[in-house]
Amino acid sequence: MKKTIILFMSTIVLLSASCKKDSSEPSNTEKICGKNWRVVALTVNPGITIGTVTVTDYLAQIPSCSKDDFSTFNTNGTYTDDEGASKCSPSDPQTTSGTWKFNSNETIVTLDNTDSYTILINDGSTLKYTFSQVDATSGINYVYTATLNK
């Protein structure tokens, strides 16, 4: 409950701040572009049961060869995902690319016109977002929160 209130209050503060935007402050597009973003935290709520263990720290479940991957957003609406120094499979391409766009108030980013992510923090050094995924079998709505650093 406390986390929900803190998240709600943080969202209100962010939205209020965006309404009074100083014209000299960079836009979210300017803050996100031209940087290599690496996932440093990834949680899921409710926890996912893997075997007999319920996991909320989803990043701990990701292979180490994927933890050095990074994404770069470009001002022309394209992005690149890079495998980093260690690739999980030598046959995987080093980079893949796609398109991205913000909604009109730059609070939701959509990749490849299909996957949408709600931005919680974008200060130019930290990018934090959330997204939901419904399990087709159980019907459970899992909410993921990712934190990326440049």
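Mind ranking L127, L120 by accessible surface for me, highest first, 1.4 Å probe?
The residues order as L120, L127, largest area first.
Relative contact order of the stretch 44-101, please, whole-number percent, based on alpha carbon pairs below 8 angstrom and at least 6 residues apart.
Numbers: 71 pairs, mean separation 14.5, N = 58.
That works out to 25 percent.
Using just the Cα positions, wrap the stretch 99-150 in a convex hull and report its mean projected area in square nanometres, one decimal place.
Numbers: hull surface 17.0 nm².
Across all orientations, the stretch 99-150 yields a mean hull projection of 4.3 nm².
If I model a spin label at S125 and I62 as a point 7 Å from the Cα along the Cα→Cβ vector, what separation in nanometres do I get?
So the label points at S125 and I62 sit 2.1 nm apart.
Sequence neighbours fewer than 8 away in the same chain don't count; with that in mind, list the aspartates and glutamates whose C-alpha is under 14 Å from K128.
E106
What list of ³J(HN,Hα) couplings, whole Hz, do you get for the stretch 38-48 from phi and the Karplus terms 6.51, -1.76, 1.60, once you set θ to phi - 60° and write x for glycine and proline?
Computed from phi, the couplings for the stretch 38-48 are 10, 5, 10, 7, 8, 10, 9, 9, x, x, 9 Hz.
Modelling each spin label as a point 7 Å along the Cα-to-Cβ direction, I'd like the S91/Q133 distance in nm, to one decimal.
2.3 nm
Apply the Karplus curve 6.51 cos²θ - 1.76 cosθ + 1.60, θ = phi - 60°, to the phi angles in the stretch 104-111 and return the couplings in whole Hz, x for Gly and Pro.
4, 9, 6, 10, 10, 10, 10, 9
Give the aspartates and glutamates reachable from K67 as a straight Cα distance under 14 Å; neighbours fewer than 8 places away on the same chain don't count.
Within reach: D57, D81, D82, E83.
The values are calculated or read from the model by the stated rules, or taken from the named source; none is laboratory data. From a predicted model like this one, the values you see are computed outputs, not experimental measurements. Positions of Cβ are backbone-derived with ideal geometry, glycine not excepted, and every protein chain shown enters the neighbour counts. Just so you know, the surface numbers come from the protein's heavy atoms only, side chains and all, with ligands and any DNA or RNA stripped out. Shrake-Rupley method; radii C 1.70, N 1.55, O 1.52, S 1.80 Å.
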